[in-house]
Every structure is written in C-alpha cells, then in structure tokens.
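These notes are about the structure you will find just below.
Just so you know, all these numbers are worked out from the coordinates, no wet-lab data involved. Just so you know, these numbers come straight off a predicted model, no measurement behind them. Virtual Cβ from ideal backbone geometry, glycine too; neighbours counted across all protein chains shown.
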C-alpha cells in the first residue's frame, strides 16, 4: 500500500505524513510531499513535472526518505482518547521529500511509486497543485464597514494569479492599548504580545497551555485610548499577530477564495466603549435569547450515572443532604449506537430509518431505564429539569446493526450527510477524521432539511418523554477544506459554522415542541451567542485548569456569550482536593451557569463523582458538604437577581459575567487583576484561584461598595487584602443595591 492525500486529514495543527505541505504551495518556500506506505515498501520516489507560467516544462525524479509517521496529531492525553494512541502505532511507514516551490502560477504535477524488495512497484494516481506567491495588493482588497482602520499599504495577498488564497493586512495598535475577546480563550485576558488563530478545535484538556479553543471568534476589543473593536466577517480560518510582528500593529491573515482584483475579505470596525463595540457586533451576528430562570440553578451530572436507579439515587442524595439542584444532565442514557433510544429498550427496527415514537418502545423492568417517563415526571415534580447527551455523528464502530444501520442507510438515501471527494471525481459521505468516534458519518445540520431529518429522530424524547434540553457535545468533527455541505459550501467555509448550526437545530426542536431552546454546548463560533448555553469543555481537576476556565468565561462573555459555565474544579482525573473543590464551587456561584460533572471511570472504585458527598467521603473533610450546601442555597437565592441581570444584559449588551474593563477601560487593576469580574450591575467578585490562600488581594473598582458577608461599607478604587475562609470568596455589593440584596447573603 502507498497512499498520498494532498489535503491530509484537515487537522489544523498537525501535518500528516501522507499529505502535501503547504497544501497551496508558496513560491520560494519549502514544499513537502509525503506518503504513507505499508511495511513491504522499501523505497519510494516521486516523479514531478513543473509547467511554468510561460508554459516551459521541467521534470525531475526524487527519492523520498523515511520519516516519523504522524496522523491527526500526536498529543493524546488519556481519558476517552487513550485508544487513539494505539491506532496511531500501526505498522506503516512514512516517507517524504522536500523541495523549493517554483514561481507563482506554476503548475506542479506529481506521482509516487513505491517498490518492494522484489522490485514490484505500486503507484499512486497523479496529483497537481498550482503555486501561489505573496504580492502587494490594493487597500480595497479588504472591504471595510465602519471606520477604516486598515493601515494604508499593509494589504498583501497570496495568489496564483487567478484566485486569492489568503489576505494579510494590518490594524493600528497604540501604546497602552489592550486586545481582548476572540471567543473563548483560556490563557489570558489581554492578548497583546501573542499570536493566535480562529478555528474550531477539540482541545481535550490543557486548553490554556496549548492556546487552542472549542469556541473561537475573529472578533476583538481594542481597549485603551479611543476604544474600538473589529470583526473579520468570515467563517474561514484566520490568524492574528497582536503586537508581535511590530509593536504598533495587529497583523491579520485570513483564508480566502476570491478572484484577483475583487474584494477578498470584509472587515467590520466598531467605535466606542466595550459595551458599544459588543452591541454593534451582536446586532450583526445575533443576540442571546433569554432562557428560563431555572437555568441559573445548580446543574448536576456524572458520566457514570448510567441507569435510572443511579440517577434517582443521586437526586435522592441531593435531597437528603439539602443541596438544591435545578437540572440533571444524563450522559450515559442511550444505546450508544443510535443516540435516540434508551439503553435496553426493546422495539422493532424501522427498516426505512423512520423516527420512533414512545409507543414503539418497551422498557424492561430489569433494564437500565425501566420507566423513563416516570423518572422524568418524578424529577419534574421535584422541580428538576432533565437534559440528555448528544453527539452529531452516526457511529461506524462497531459496525452499525439494527436501528443504527437503518438510520445510517436512510441518511445516505435521503442525502442528509456532509460529503467528501471519493478520489474518482465524485462524492461520498464524509467520515469523521478525528480521534473521537472515528469514521462516523456526520449529518449536515447547516441544512434545514437535513437538520429536521436528524432532530425528528429525537422528537419523542421532548414531546413524549418530557426532556427539557440537550447537552450538545462535540461539534468539532468536521475536518478538511475539501468537505462539501449540501448547499455546495466547502469545508473551508462551513466547518467553523457547523457547531453554530448544531446548537440551533436542537434549539429549534425544543422550540417547536413549546419548550425553551436550552442547549449546552462546548463548541461554537461567531453566531453561537444566539443559541443556548455553553461550558468550557474537558479539563483536569487542577488549580491551573481552574484559572484557565475563569479566563475562558471572561473572554467568552466579552464576545457576547451570556450563558456560560464550566465543570466545577474539573471533570477529569483524580477528584479535586477539598480546597480546590470548594474554591471552585464558590466561584461557580457567581458565574452564569453553575454545574459539576465527572468523567467516565469504568465504574472503578473509588468513585470519581464530583458530588460533594463523594469528595467528603474520599477526603475525610467534614467541611465539604456543609460548605457546598451553603453555597448551593446562596445560588438559589441569587436566581432572581441573575435572571433580571440576564434580561438587562440582553437589552444593553453589557455582559452578565463582565470583565472589569467593560466599566473601567483605563483602570490599571482591570489588567493587573484580570480574574475579577462584575456579575450584573451590582455584584463584584474576586475569586480565590490559587492554592493555600488564606489572605486574598482584591482590587476593588471605583464606587461605593458593601462587603456582602460582613455588611461593612467600603470605598472603591483601592487594593486591599482580606481574609478568605474556605466557604466563601470576596464578594461586594454596590451600595445602592445593598438593601435589595442584603437577604441574599444572609446565612
């Protein structure tokens, strides 16, 4: 076997062994051509023919050298990705050659031949690529809406002479200005002095260290002297050099596909305060929709709550320990094949792939879910809402059987899947190239017809079982610019949009059944603001990850995401120590979504549930349950304030979880103490995010404040150090709001 895939897997941060790199060769820069070959191949060569812009031709034959094999990225960090590491170690070899790319406009045609020890040859088909080069371009190549801040003469394009492949331009960056936003970002609040990009990616843990995100946006605030912001109006990948190429500019590079001489990218520039900038951006891309008050109550979840008995046991324990809970997310509910049927349910296969209704199912008394409707009714009677876990894939491993096979066949028949080239000039269903549920097919949820086809399979869950919402997990599985969506959009344009459409499709289902569109997603892009709630994704239980999550919440909020939370103290690895758990819980009281969750642990003991009673049992720390109970009750009392503040946030575009610079853009402590925030108009929060703190430094913003715990009046605009007992964090109430909020903090 010898294989070359010119576009590779589409992994945005890894060059695969068998691909061409760069995919669009750049004149004068190294061009790498690689193949993957089976073990019997002992040598590989490539025959190359270059046709120059003037029509002259040159041929050469080059030998490839053995190289380390890479595919879809090599960084695998345990958990549900561990099995992927073994798959990367297959007995195949990598071969590659590097050569300088010829002049712009040249056409490269090449073919590989591999030979075994007996001289038997295997050949690939012929491939071709057109070489592009960077050249200066007119300023009008960037179409600007609003104040034109593109630096004159800074525009250049990567072009093959016919099409523009990328655009590069610069924006001004004055001394003392800070650059924030860019969607959900985990490593810092101010990105000045760094480089980053905007592409949806499943970074499983360590998001802050890797600087990759599930929820990017090519949108930023420039905070300082004037106050402005910008949005690169594209769903294609973009890159930002923020004062690194030159201290006085932001260099933007954007993928494009436009004819030479025409505008290739559009840039919106907004003037004003951060709230005014965000308001203008949201008017363009979509505003949050107000969700019911109950979303502000505690959400509880554990991946091993995989039976009706266990779910009810955990809900009973909440009641027994007097810990109020508003929502339960049930992840391991389905057959793990269709993701539409409860595990152990009996039913007749609908061979045409038609949706089932509740009457089609029989739920055995000795099964995992003997009475789903009764369970949901009981939870509703307890004032607990129920959410089910979803992924936007049709699994291929193990090979689908029964209803899963019928749905997979119907998806092909009804043409509702994203497609990819089949190598013979046609299209076939796209197969997931990522490490999670590999080879699965993927419904095109950007298409309204296909989205309805997909969500109709789940309608009975909402209308008859009574489900209140969905955890819309995943959404990052569309890799590769050569993908084709049903409207003809390429993967280069459509892949970042996919998670937005995913949440919208499930929200539309809920809305059509007369329910609020409550989805809980980790992936998104520009436009996600209008579709449900989000959490910060998968992380370990560490102090470092805690801090990363707080940065994520603040940057998401600055980008217009209103309903946001994270897995309290992390969902993965050993359970957090009581100190981390309680500090994270205290912080979570004061973010929009308060929820805990734990990763699948193969039912090993001790349990890794993140319930307070499990943390208490494992640690022997008797403070955990009473402290968590007190904080959960405080959260209950905060719900009316949070609901009213959310409505005000939607009206004004001033974030609910608001970085300090929104109100005080020139305040030095807004940047020296970045992990502090306003919650609505009247609360200021300074969480404890470092191990071992018993005294904590607070940079109180200007104004008249009241310490929420002691009732002491304080003048703002000063930095102070305060005691921080384990069951509370510094919280301050605006003085004029203290009479209405005093009882919220009464213990």
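Report the FRET efficiency, 1/(1 + (r/R0)^6), for residue 63 and residue 135, where r is their Cβ-Cβ distance and R0 is 41 Å, rounded to 0.05.
Once rounded, the FRET efficiency stands at 0.75.
How would you rank 444, 160, going from fewest to most other Cβ atoms within 10 Å of each one's own Cβ?
160, 444
Taking a spot 7 Å from the Cα of residue 320 along the direction of its beta carbon, which residues of region 626-654 have an amide N less than 19 Å from it?
It comes to 626-630, nothing else.
Just order 415-428, 300-313 by mean Cβ neighbour count inside 10 Å, highest at the front, would you?
Going from most to least packed, we get 300-313, 415-428.
Taking other Cβ within 10 Å of each residue's Cβ, how do 11, 531, 387 sort, fewest first?
Values: 11 19, 531 27, 387 22.
Lowest count first: 11, 387, 531.
Once each part is reduced to its C-alpha centroid, what is the distance from region 513-557 to region 675-726 in angstrom?
Distance between centres, Cα-based: 25 Å.
What shape does region 2-131 take by its C-alpha gyration tensor, where a ≥ b ≥ c are the square roots of the eigenvalues and a/c under 1.5 counts as rounded, a/b above b/c as prolate, and the rest as oblate?
oblate
Give me the distance between the Cα centres of region 251-318 and region 91-111, rounded to whole Å.
Value for the Cα centre distance between the two parts: 40 Å.
Between residue 43 and residue 490, what is the spin-label point distance in nm, taking each point 7 Å from the Cα along the Cα→C-beta axis?
3.8
What is the angle, in °, between the Cα long axis of helix 308-320 and the longest principal axis of the Cα atoms in the chain? Nearest 10 is fine, range 0 to 90.
Roughly 40 degrees between the two axes.
Determine, from the Cβ-Cβ distance of residue 13 and residue 359 and an R0 of 60 Å, the FRET efficiency 1/(1 + (r/R0)^6), rounded to the nearest 0.05. If you can, show how the numbers build up before the last one.
On the way: r = 48 Å, r/R0 = 0.80.
After rounding, the FRET efficiency stands at 0.80.
Taking every DSSP beta bridge that has both residues in region 384-525, what percent is antiparallel when rounded to the nearest 5?
Numbers: 7 of 14 bridges.
For region 384-525, the DSSP antiparallel bridge percentage is about 50.
Using the per-residue mean of other Cβ atoms lying within 10 Å as a proxy for protection, in what order, highest first, do the peptides 45-54, 30-39 fall?
So the peptides 45-54, 30-39, ranked by packing, come out 30-39, 45-54.
What is the Cα centroid distance between region 321-355 and region 222-237, reported in whole angstrom?
That distance is 42 Å.
Have a look at region 637-747 and give its Rg and Dmax from the Cα atoms, expressed in angstrom.
Spelled out, the Cα radius of gyration and Dmax of region 637-747 are 13.6, 40 Å.
What is the antiparallel percent of DSSP beta bridges lying wholly in the chain, to the nearest 5?
For the chain, the DSSP antiparallel bridge percentage is about 80.
Could you check the spin-label model distance between residue 710 and residue 128? Points 7 Å from the Cα along Cα→Cβ, value in nm.
Using points 7 Å along Cα→Cβ, the separation is 7.8 nm.
So, R0 is 41 Å and r is the distance between the beta-carbons of residue 29 and residue 427; what FRET efficiency does that work out to, to 0.05? Don't skip to the end; give the middle numbers.
Numbers: r = 32 Å, r/R0 = 0.77.
The pair residue 29/residue 427 has a calculated efficiency of 0.85.
If you average 1/r across every pair of different Cα atoms in region 134-271 and take the reciprocal, what Kirkwood value do you get, in Å? Intermediate values should be presented prior to the final figure.
Values: mean 1/r = 0.0654 Å⁻¹.
Computed over Cα pairs of region 134-271, the Kirkwood hydrodynamic radius comes out at 15.3 Å.
P(r) for the chain: what percent of alpha-carbon pairs falls in each 10 Å bin, starting at zero?
3, 13, 23, 24, 19, 12, 5, 1, 0
Mind pulling the angle between the C-alpha long axis of helix 578-588 and the longest principal axis of the chain? Nearest 10 degrees, somewhere in 0 to 90.
That helix lies at roughly 90 degrees to the long axis.
How far, in degrees from 0 to 90, does helix 624-652 lean away from the longest principal axis of the Cα atoms of the chain, to the nearest 10?
Tilt relative to the chain: about 70 degrees.
Taking 0.36 nm per residue of sequence separation and subtracting the Cα-Cα distance, how much length would be gained by fully extending the chain between residue 409 and residue 647, in nm to one decimal?
Contour length minus Cα-Cα distance gives 81.2 nm.
Using a 10 Å cut-off on Cβ atoms, rank the peptides 622-628, 182-188 from the highest mean neighbour count down. List each step's numbers first, then the result.
Numbers: 622-628: 18.6, 182-188: 24.6.
Ranking, from highest mean packing down: 182-188, 622-628.
Taking the number of other C-beta atoms within 10 Å as the exposure measure, put 231, 696 in order starting with the fewest.
The order, fewest Cβ neighbours first, is 696, 231.
Taking 0.36 nm per residue of sequence separation and subtracting the Cα-Cα distance, how much length would be gained by fully extending the chain between residue 346 and residue 174, in nm to one decimal?
Numbers: separation 172, 0.36 × 172 = 61.92 nm, distance 6.59 nm.
Additional length available on full extension: 55.3 nm.
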